[in-house]
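The structure appears right after this line, and notes come after that.
The values are calculated or read from the model by the stated rules, or taken from the named source; none is laboratory data. Being a predicted model, the structure only gives us computed values, none of them experimental. Cβ atoms come from the backbone with ideal geometry, glycine included; neighbour counts cover every protein chain shown.
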Amino acid sequence: MVNPTDHASHYAPLGVLLLAISNPFARLQAAAPPPGYGNQSKVAVMWRSSAAWHHGLTKTRGTLSLADSGVEFLSAGGFRLRWPFAEIQTFDLYSRRLTLTGYGNRQWRLHGERSFSFELESPVPPSIAAELARRVAKPAVNGVPDPAAPCFATLGARHRTRGGGTNGVLRFRASGIDYVTGSGRGARSWCWTDIQTLALPDAFHFRVGAYREIFGFELKEPMTPQLFDRLWEDVYTRDLSGVNQKGGTHP
(Lines give C-alpha, C1' and ligand atoms only; values in the text may rest on other atoms or scores of the structure.)
Protein backbone atom coordinates (compact mmCIF):
# COMPACT_ATOMS: atom_id res chain seq x y z
CA MET A 1 0.00 0.00 0.00
CA VAL A 2 1.35 3.45 -0.95
CA ASN A 3 1.71 5.96 1.87
CA PRO A 4 0.00 9.24 0.80
CA THR A 5 2.70 11.23 2.59
CA ASP A 6 5.43 9.45 0.64
CA HIS A 7 3.49 9.99 -2.57
CA ALA A 8 3.22 13.76 -1.94
CA SER A 9 6.88 14.14 -1.05
CA HIS A 10 7.89 12.23 -4.20
CA TYR A 11 6.17 14.80 -6.43
CA ALA A 12 7.06 17.90 -4.40
CA PRO A 13 10.16 18.79 -6.49
CA LEU A 14 8.05 18.79 -9.66
CA GLY A 15 5.59 21.19 -8.05
CA VAL A 16 8.37 23.51 -7.01
CA LEU A 17 9.79 23.43 -10.55
CA LEU A 18 6.40 24.28 -12.08
CA LEU A 19 5.95 27.13 -9.63
CA ALA A 20 9.38 28.54 -10.49
CA ILE A 21 8.57 28.43 -14.21
CA SER A 22 5.15 30.07 -13.87
CA ASN A 23 6.17 32.63 -11.25
CA PRO A 24 9.33 34.67 -11.99
CA PHE A 25 9.47 35.77 -8.33
CA ALA A 26 9.68 32.21 -6.99
CA ARG A 27 13.40 31.89 -7.78
CA LEU A 28 14.12 35.20 -6.05
CA GLN A 29 12.15 34.20 -2.95
CA ALA A 30 13.91 30.86 -2.80
CA ALA A 31 17.38 32.42 -2.87
CA ALA A 32 19.04 33.52 0.34
CA PRO A 33 18.53 37.32 0.59
CA PRO A 34 21.32 39.68 1.58
CA PRO A 35 21.30 41.22 5.07
CA GLY A 36 18.48 43.71 5.56
CA TYR A 37 15.99 42.19 3.10
CA GLY A 38 13.67 41.08 5.85
CA ASN A 39 13.61 44.35 7.77
CA GLN A 40 10.07 45.67 7.37
CA SER A 41 10.44 48.61 9.77
CA LYS A 42 9.62 52.08 8.51
CA VAL A 43 12.60 54.09 7.25
CA ALA A 44 13.07 57.67 6.08
CA VAL A 45 12.59 57.85 2.30
CA MET A 46 14.71 60.47 0.53
CA TRP A 47 13.24 60.01 -2.96
CA ARG A 48 10.85 57.71 -4.81
CA SER A 49 9.49 57.23 -8.31
CA SER A 50 7.12 54.95 -10.16
CA ALA A 51 9.28 52.44 -11.99
CA ALA A 52 9.26 49.34 -14.17
CA TRP A 53 11.62 46.47 -13.40
CA HIS A 54 12.82 44.80 -16.63
CA HIS A 55 13.71 41.12 -16.20
CA GLY A 56 14.03 39.00 -19.32
CA LEU A 57 11.04 39.69 -21.56
CA THR A 58 8.92 40.68 -18.56
CA LYS A 59 8.25 44.13 -17.11
CA THR A 60 6.97 44.50 -13.55
CA ARG A 61 5.62 47.86 -12.42
CA GLY A 62 5.99 49.29 -8.96
CA THR A 63 7.78 51.99 -6.95
CA LEU A 64 11.51 52.49 -6.50
CA SER A 65 12.66 54.27 -3.33
CA LEU A 66 15.97 55.57 -2.03
CA ALA A 67 15.89 55.49 1.77
CA ASP A 68 18.32 55.82 4.66
CA SER A 69 18.68 52.04 4.76
CA GLY A 70 19.24 51.45 1.04
CA VAL A 71 17.34 51.06 -2.24
CA GLU A 72 13.96 49.31 -2.42
CA PHE A 73 11.58 48.25 -5.20
CA LEU A 74 7.97 47.45 -4.24
CA SER A 75 5.91 45.92 -7.04
CA ALA A 76 2.24 46.75 -7.57
CA GLY A 77 1.48 43.21 -6.42
CA GLY A 78 3.34 43.63 -3.14
CA PHE A 79 6.61 41.89 -4.04
CA ARG A 80 9.61 43.61 -2.47
CA LEU A 81 13.31 43.84 -3.41
CA ARG A 82 15.79 45.52 -1.06
CA TRP A 83 19.48 46.41 -1.31
CA PRO A 84 21.28 47.82 1.74
CA PHE A 85 24.01 50.16 0.49
CA ALA A 86 26.73 47.75 1.59
CA GLU A 87 25.17 45.04 -0.63
CA ILE A 88 25.35 47.18 -3.80
CA GLN A 89 28.51 46.32 -5.73
CA THR A 90 28.02 49.05 -8.37
CA PHE A 91 25.33 50.90 -10.28
CA ASP A 92 24.71 52.60 -13.62
CA LEU A 93 22.49 55.67 -13.26
CA TYR A 94 21.06 57.94 -15.94
CA SER A 95 18.20 60.41 -15.78
CA ARG A 96 15.41 57.80 -16.02
CA ARG A 97 17.32 54.51 -15.84
CA LEU A 98 19.00 52.69 -12.97
CA THR A 99 20.82 49.35 -13.01
CA LEU A 100 21.94 47.93 -9.66
CA THR A 101 24.44 45.10 -9.37
CA GLY A 102 24.70 43.31 -6.04
CA TYR A 103 26.84 40.43 -4.87
CA GLY A 104 24.34 37.65 -5.58
CA ASN A 105 25.12 35.16 -8.36
CA ARG A 106 23.14 35.08 -11.58
CA GLN A 107 20.55 32.34 -11.99
CA TRP A 108 20.85 29.03 -13.82
CA ARG A 109 24.62 28.68 -13.28
CA LEU A 110 25.48 31.79 -15.29
CA HIS A 111 28.76 33.52 -14.45
CA GLY A 112 28.93 36.89 -12.73
CA GLU A 113 26.68 38.83 -10.37
CA ARG A 114 23.02 39.57 -10.98
CA SER A 115 21.93 43.03 -12.14
CA PHE A 116 18.48 44.60 -11.79
CA SER A 117 17.40 47.22 -14.35
CA PHE A 118 14.69 49.80 -13.73
CA GLU A 119 12.99 52.33 -15.99
CA LEU A 120 12.04 55.38 -13.92
CA GLU A 121 8.99 57.56 -14.50
CA SER A 122 10.54 60.59 -12.76
CA PRO A 123 14.04 61.87 -13.57
CA VAL A 124 16.58 61.41 -10.80
CA PRO A 125 17.61 64.78 -9.29
CA PRO A 126 21.38 65.41 -9.28
CA SER A 127 21.36 65.69 -5.49
CA ILE A 128 19.87 62.20 -5.18
CA ALA A 129 22.37 60.79 -7.68
CA ALA A 130 25.22 62.29 -5.67
CA GLU A 131 23.78 60.90 -2.42
CA LEU A 132 23.48 57.40 -3.91
CA ALA A 133 27.12 57.56 -5.06
CA ARG A 134 28.22 58.80 -1.64
CA ARG A 135 26.39 56.06 0.25
CA VAL A 136 27.43 53.19 -2.03
CA ALA A 137 31.02 54.54 -1.94
CA LYS A 138 32.28 52.18 -4.68
CA PRO A 139 33.17 52.83 -8.34
CA ALA A 140 29.98 53.38 -10.35
CA VAL A 141 28.62 55.13 -13.45
CA ASN A 142 26.73 58.31 -12.54
CA GLY A 143 25.25 60.04 -15.56
CA VAL A 144 23.43 62.75 -13.56
CA PRO A 145 25.91 65.52 -12.65
CA ASP A 146 24.79 68.72 -10.93
CA PRO A 147 25.45 71.71 -13.23
CA ALA A 148 25.07 74.06 -10.26
CA ALA A 149 27.52 72.30 -7.90
CA PRO A 150 30.39 74.54 -6.72
CA CYS A 151 33.60 74.12 -8.74
CA PHE A 152 37.04 75.70 -8.80
CA ALA A 153 37.64 75.50 -12.59
CA THR A 154 35.80 74.79 -15.85
CA LEU A 155 36.88 73.91 -19.41
CA GLY A 156 34.83 73.51 -22.58
CA ALA A 157 35.27 70.02 -24.00
CA ARG A 158 34.14 67.50 -26.59
CA HIS A 159 33.86 63.77 -25.99
CA ARG A 160 34.09 61.81 -29.24
CA THR A 161 32.30 58.46 -29.57
CA ARG A 162 31.69 56.01 -32.39
CA GLY A 163 28.22 57.46 -32.75
CA GLY A 164 29.45 61.04 -33.02
CA GLY A 165 30.04 62.47 -29.55
CA THR A 166 28.89 65.27 -27.28
CA ASN A 167 29.87 68.83 -26.46
CA GLY A 168 29.87 70.08 -22.90
CA VAL A 169 31.80 71.54 -20.00
CA LEU A 170 34.25 69.84 -17.67
CA ARG A 171 33.68 71.11 -14.12
CA PHE A 172 36.39 70.43 -11.55
CA ARG A 173 35.08 70.20 -8.00
CA ALA A 174 36.63 69.59 -4.59
CA SER A 175 35.06 66.11 -4.57
CA GLY A 176 35.54 65.07 -8.21
CA ILE A 177 35.05 65.86 -11.90
CA ASP A 178 31.78 66.46 -13.77
CA TYR A 179 31.14 66.48 -17.50
CA VAL A 180 27.93 68.46 -18.11
CA THR A 181 26.17 68.48 -21.50
CA GLY A 182 23.24 70.61 -22.62
CA SER A 183 20.98 67.65 -23.37
CA GLY A 184 22.23 65.45 -20.54
CA ARG A 185 23.30 62.80 -23.06
CA GLY A 186 26.75 61.45 -22.30
CA ALA A 187 27.05 63.44 -19.06
CA ARG A 188 29.06 62.05 -16.13
CA SER A 189 29.91 62.75 -12.51
CA TRP A 190 33.04 61.09 -11.10
CA CYS A 191 33.99 61.14 -7.44
CA TRP A 192 37.72 60.87 -6.82
CA THR A 193 37.19 57.29 -5.68
CA ASP A 194 35.71 56.49 -9.13
CA ILE A 195 38.90 57.60 -10.91
CA GLN A 196 41.86 55.28 -11.36
CA THR A 197 44.12 57.54 -13.43
CA LEU A 198 44.29 60.87 -15.28
CA ALA A 199 46.30 61.76 -18.38
CA LEU A 200 47.15 64.99 -20.20
CA PRO A 201 49.03 64.03 -23.43
CA ASP A 202 49.05 67.69 -24.42
CA ALA A 203 47.32 70.89 -23.37
CA PHE A 204 44.25 70.18 -25.55
CA HIS A 205 43.62 66.50 -24.73
CA PHE A 206 42.54 65.14 -21.36
CA ARG A 207 41.65 61.58 -20.35
CA VAL A 208 39.75 60.32 -17.32
CA GLY A 209 40.45 56.66 -16.62
CA ALA A 210 37.66 55.64 -14.28
CA TYR A 211 37.41 52.10 -12.88
CA ARG A 212 34.23 51.46 -14.88
CA GLU A 213 34.97 53.40 -18.10
CA ILE A 214 37.45 55.67 -19.90
CA PHE A 215 36.55 59.10 -21.28
CA GLY A 216 38.87 60.99 -23.64
CA PHE A 217 38.20 64.71 -24.17
CA GLU A 218 39.26 67.29 -26.72
CA LEU A 219 39.62 70.54 -24.79
CA LYS A 220 38.38 73.77 -26.34
CA GLU A 221 40.93 75.74 -24.35
CA PRO A 222 44.26 74.57 -22.92
CA MET A 223 44.52 72.99 -19.50
CA THR A 224 47.26 74.65 -17.49
CA PRO A 225 49.96 72.55 -15.82
CA GLN A 226 48.87 74.03 -12.48
CA LEU A 227 45.30 72.74 -12.90
CA PHE A 228 46.45 69.27 -13.95
CA ASP A 229 48.85 69.11 -11.00
CA ARG A 230 45.97 69.85 -8.64
CA LEU A 231 43.80 67.14 -10.21
CA TRP A 232 46.70 64.69 -10.11
CA GLU A 233 47.22 65.36 -6.41
CA ASP A 234 43.52 64.92 -5.66
CA VAL A 235 43.49 61.50 -7.36
CA TYR A 236 46.80 60.10 -6.17
CA THR A 237 46.91 61.33 -2.59
CA ARG A 238 43.53 59.87 -1.62
CA ASP A 239 42.89 56.24 -0.83
CA LEU A 240 39.64 54.41 -1.52
CA SER A 241 38.25 55.27 1.90
CA GLY A 242 38.27 58.95 0.92
CA VAL A 243 41.06 59.89 3.36
CA ASN A 244 43.68 62.32 2.14
CA GLN A 245 47.03 60.72 2.92
CA LYS A 246 48.58 64.17 3.35
CA GLY A 247 46.09 64.97 6.10
CA GLY A 248 42.40 65.74 6.29
CA THR A 249 39.36 63.99 4.92
CA HIS A 250 37.58 63.83 1.60
CA PRO A 251 35.48 67.01 1.19
- What pairs can you find where one residue is in the stretch 43-59 and more than 16 Å from Y94 (Cβ to Cβ), the other is of a type in the set (A, V, I, L, M) and surrounded by 10 or more Cβ atoms within 10 Å (Cβ to Cβ), and their Cβ atoms are less than 7 Å apart, with a gap of 6+ or different chains? V43/A67; A44/A67; V45/A67; M46/L66; M46/A67; M46/I128; R48/L64; K59/A52
- Query: Which of (1) among the basic types (K, R); (2) over 17 Å from D92 (Cβ atoms); (3) part of a strand (DSSP E or B) is the odd one out, the single condition R114 does not satisfy?
  - Reply: (2)
- Task: Within the stretch 151-210, work out how many residues are in contact (Cβ under 8 Å) with a residue 60 or more places away in the chain, assigned to a strand (DSSP E or B) and within 21 Å of E131 (Cα to Cα).
- Result: 2
- Task: Would you be able to say whether some residue in the stretch 189-211 is outside the structural domain of F85 (by TED's automatic domain parsing), farther than 20 Å from R96 by Cβ and either out of contact with any strand residue (DSSP E or B) (no Cβ under 8 Å at 6 or more places or on another chain) or basic (K, R) (or both)?
- Result: yes
- Query: Under 8 Å by Cβ, and 6 or more places apart or on different chains, what pairs join a residue from the stretch 111-130 that is modelled with pLDDT under 95 with one that is part of a loop (DSSP other than H, G, I, E, B)?
  - Reply: G112/R106; E113/R106; R114/R106; R114/Q107
- Y236 fails exactly one of (1) over 21 Å from P126 (Cα atoms); (2) out of contact with any Gly (no Cβ under 7 Å at 6 or more places or on another chain); (3) modelled with pLDDT of 95 or more; (4) not polar (S, T, N, Q), namely (3)
- Out of the stretch 138-150, which residues are hydrophobic (A, V, I, L, M, F, W, C) and touching a residue at least 24 places away in the same chain (Cβ under 8 Å)? A140, V141, V144, A149
